[in-house]
Amino acid sequence: MSLSSSLVTASRADVLAARWLAQELDRAPGSAASASDVAALDLGVQDTGPDGAAWALALRGAPAVEPGSLPDDLALVWSLRGAPHVYRRADLAEVAVATAPFSEADAAKRVFDASRPLRAAGIAVLDALRTETDLEREIVVEPTVKGDLSTRLTARLPEPHLRWCRPCGATHSYEQTFRLAALQAGLELEPGTSPPVLRRVPGLDPPRYGRLGDEAVPRLDVVRGYLRFFPAASVQDVAAFLDAPVKEVRARWPEDAVRVDVPDAAAGGDRPAERWALADDAERLPGAAERVRDAQGADGAPVVRLVGPYDLALQLRDRATLVPDDAHAKDLWRVLGRPGAVLADGEVIGTWRPRTSGRRLTVRVDPWAGWGAPLTDAVAAQAERLRAFRGAASVSVSG
């Protein structure tokens, strides 16, 4: 790793505006040529929550996709943090490489408590992942429900791979090794299935951890990807996003990363001072907020988006930069029952929760400050957009 001595200074407003633009949340509805024409697909669009990836893509200008479905050129797989993410189908082989651990130490960190019994038995974590990968590939010939795959996999795994699961009342593979093996086995998830159904990806030669994250192509490299969508981030931020050791991420820090100083950003507990951005992005950081304001309509109203609880915009690890107020941050990122965020040109101005009764949708909002008529109207317009996306008959906004 070569740490550049260059230094760019930007305001917190510039950082939020730059991230807003990088994630294409400023795009007009339907302005993307196709659902695959969304930059965030390079890092993966998480499919969690009732509206999931389809809504996240729509917010970035993609044509409407029915909730719970995907166009043929997109695919749903378990990847980073074991969470379901959507990628371009054509990228899956290289996504498997990019999202693989960098090393044995990284693999041990990413599988959490599964590493302890494996290492105690003298089994390398990467070897254990390859074992589960081979078995999952062998078992899933036809579409298979997750529970059925788990049962058949458990019967063939050695004891160090297994754990007693109190919620399930059964012994099975550690969840994280089970999930992290799936894409390596050439398996995808059928959209809209619950419990999940896994099936083979047509035409994909299973990588089986034959190549690790070090060999990622630049566009899909996860370290570069995080810096691309969250400029002015730290090494620790990227490591937390990946569930990877800080040392492993630091050793793979991009050569073209430059330091960024954000003097007015909240520190956020033990957050280190050093922030970084890719060189090309760093050049655009100063003045980003002004450029976003210049793009506003004649009435000067900001662009508003109702992002879901697990939208990429909220997956940042320097949360205090986005939401400096501790009480607001605790509400937005609560462990259970997370709300979505009301974003205005990249700034969180409140939270929202959907409620459905029959075919009527209610969007309950919690403004963090007085919105005024233009913002209130913009939120109502986005609620109407959500109504159309969900196919509800009517919508109302309540506070």
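The values are calculated or read from the model by the stated rules, or taken from the named source; none is laboratory data. Quantities reported herein were computed from a predicted structural model and do not represent experimental measurements. So basically every Cβ, Gly included, is an ideal-geometry build from the backbone, and we count neighbours across all protein chains shown. Accessible surface is based on the protein model in full, side chains and every heavy atom, while ligands, DNA and RNA are left aside. Shrake-Rupley method; radii C 1.70, N 1.55, O 1.52, S 1.80 Å.
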(message) Quick check: residue separation of residue 39 and residue 331 times 0.36 nm, minus the Cα distance between them. What number comes out in nm?
(response) 102.3 nm
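Return the FRET efficiency for the residue pair residue 364, residue 256: r is the Cβ-Cβ distance, R0 is 45 Å, and the value is rounded to the nearest 0.05.
E(calc), rounded to 0.05, equals 0.50.
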(request) Treating only the Cβ atoms of Lys and Arg (+1) and Asp and Glu (-1) as charged, compute the dipole magnitude of the stretch 300-397 about its Cα centre; round to the nearest 20 debye. (result) 620
(request) Mind grabbing the accessible area of residue 154 for me, 1.4 Å probe, Å², rounded to tens? (result) 30
(message) Charges at C-beta only: +1 for Lys and Arg, -1 for Asp and Glu. How large is the resulting dipole of the stretch 169-208 about its Cα centre, in Debye rounded to 20?
(response) 60
(message) Whole-Hz ³J(HN,Hα) for each residue in the stretch 172-184, computed from phi via Karplus 6.51 cos²θ - 1.76 cosθ + 1.60 with θ = phi - 60°, x for glycine and proline: what do you get?
(response) 7, 4, 4, 4, 5, 5, 4, 6, 5, 7, 5, 5, 4
(request) For residue 373, put the label point 7 Å out on the Cα→Cβ axis and report which residues of the stretch 273-310 keep their amide N under 14 Å from it. (result) 299-301
(message) What whole-number distance in Å separates the alpha-carbon centres of the stretch 30-108 and the stretch 183-250?
(response) 10
(request) Return the single residue from 231, 309, 218 with maximal mean-square fluctuation; model: Gaussian network over the chain, springs between Cα atoms under 10 Å. (result) 218
(message) Need one value: the accessible area of residue 293 in square angstrom, 1.4 angstrom probe, rounded to the nearest 10.
(response) 130
(message) Defining a contact as two alpha carbons under 8 Å apart and six or more residues distant in sequence, what relative contact order in percent does the stretch 158-203 show?
(response) 21
(request) Determine the dipole magnitude for the chain: charges of +1 sit on the beta-carbon of Lys and Arg, -1 on that of Asp and Glu, nothing else is charged, the reference point is the Cα centre, and the result goes in debye to the nearest 20. (result) 1120
(request) Step through the residues of the stretch 139-148 one at a time and calculate ³J(HN,Hα) from phi using the Karplus curve (6.51 cos²θ - 1.76 cosθ + 1.60, θ = phi - 60°), rounding each to whole Hz and writing x for Gly and Pro. (result) 6, 8, 9, 10, x, 9, 5, 3, x, 5
